[in-house]
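Worksheet for the structure shown next.
The values are calculated or read from the model by the stated rules, or taken from the named source; none is laboratory data. On a predicted model such as this, the values are computed, not experimentally measured, just so you know. All Cβ positions, even for glycine, are placed from backbone atoms using ideal geometry, and neighbour counts span all protein chains on display. The protein model used for the area step is the full one, side chains on, heavy atoms only, and it has no ligands, DNA or RNA in it. Shrake-Rupley method; radii C 1.70, N 1.55, O 1.52, S 1.80 Å.
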Amino acid sequence: YNNDKEIVCKNEQKYRPCIPISSNVIFVGTANIDETTKDFSDRLLDRANVIRLNPISFLQAREQSLLGKQQGKEKQNEKKIFYDVFKNWRQEIEYPFISFTESEMEFFTKLHSLINEYDHQKGVSFRILRNIEKYIINIPCSQDNTITKARAIDLQIKQRVLTKIKGHAEQFGSLIGMCEMQSEKP
């Protein structure tokens, strides 16, 4: 705590304002590096050891979910009581990615790789994929099936993936194409 005499600490007689840290203590931190983060500065990288884990493919994640479902794994996280009302009408995903077909997972992998070639911090993350799946399983059923699974995936790619592609034509022009102003044709 701050040892300033103007600030009152109720337990200051019991505790010292600081704790000495000996050489036998090592601080370790983790950081996700994905589309939500910026690259670390060179100054930080000069002072830290960075271990990058090899990501698993979407198909591997799907296989792990299928295995978890087959083994009957119970959910680890319990939901809070006030969340129960929301849960009553919204389906949750117990085993992520198994509602996608293998070809859909391959599509997401290819889309991620393609976008990632232009900006390594953009693409289709596991979080995006889980939320696309939640969206799809929670589309209200209607008589005429106005939103098909393919249409839902298309909408979600527009809303969750393409909205993150921002930058100049030199960076993304060959990925998204160009539109002629007179003819308005891509």
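Worth pointing out:
- Residue order for Lys149, Lys10, Lys122 - accessible surface, 1.4 angstrom probe, largest first: Lys10, Lys149, Lys122
- Solvent-accessible surface ranking, highest first, for Ile33, Ile19, Ile132 at 1.4 angstrom: Ile19, Ile33, Ile132
- Which listed pairs, of Lys149/Lys185; Lys38/Lys158; Lys14/Lys38, have C-alpha distances above 30 Å, in listed order: Lys14/Lys38
- Surface accessible to a 1.4 Å probe, His168 within the full protein complex, Å²: 100 Å²
- The stretch between Glu102 and Glu6, if pulled fully straight at 0.36 nm per residue, gains 28.2 nm over its current Cα-Cα span.
- DSSP-assigned coil residues among GluC sites (Glu not before Pro) in the stretch 106-186, each with at most 16 further Cβ atoms within 10 Å: Glu180, Glu184
- Only protein heavy atoms count here; under a 1.4 Å probe, Ile176 has an accessible surface of about 120 Å².
- Coupling constants for the stretch 10-17 follow from the phi torsions by the Karplus curve (6.51 cos²θ - 1.76 cosθ + 1.60, θ = phi - 60°), and in residue order they are 4, 9, 5, 6, 8, 10, 6, x Hz; glycine and proline get x.
- Protein-only accessible surface order, largest first, of Val124, Val28 at 1.4 Å: Val28, Val124
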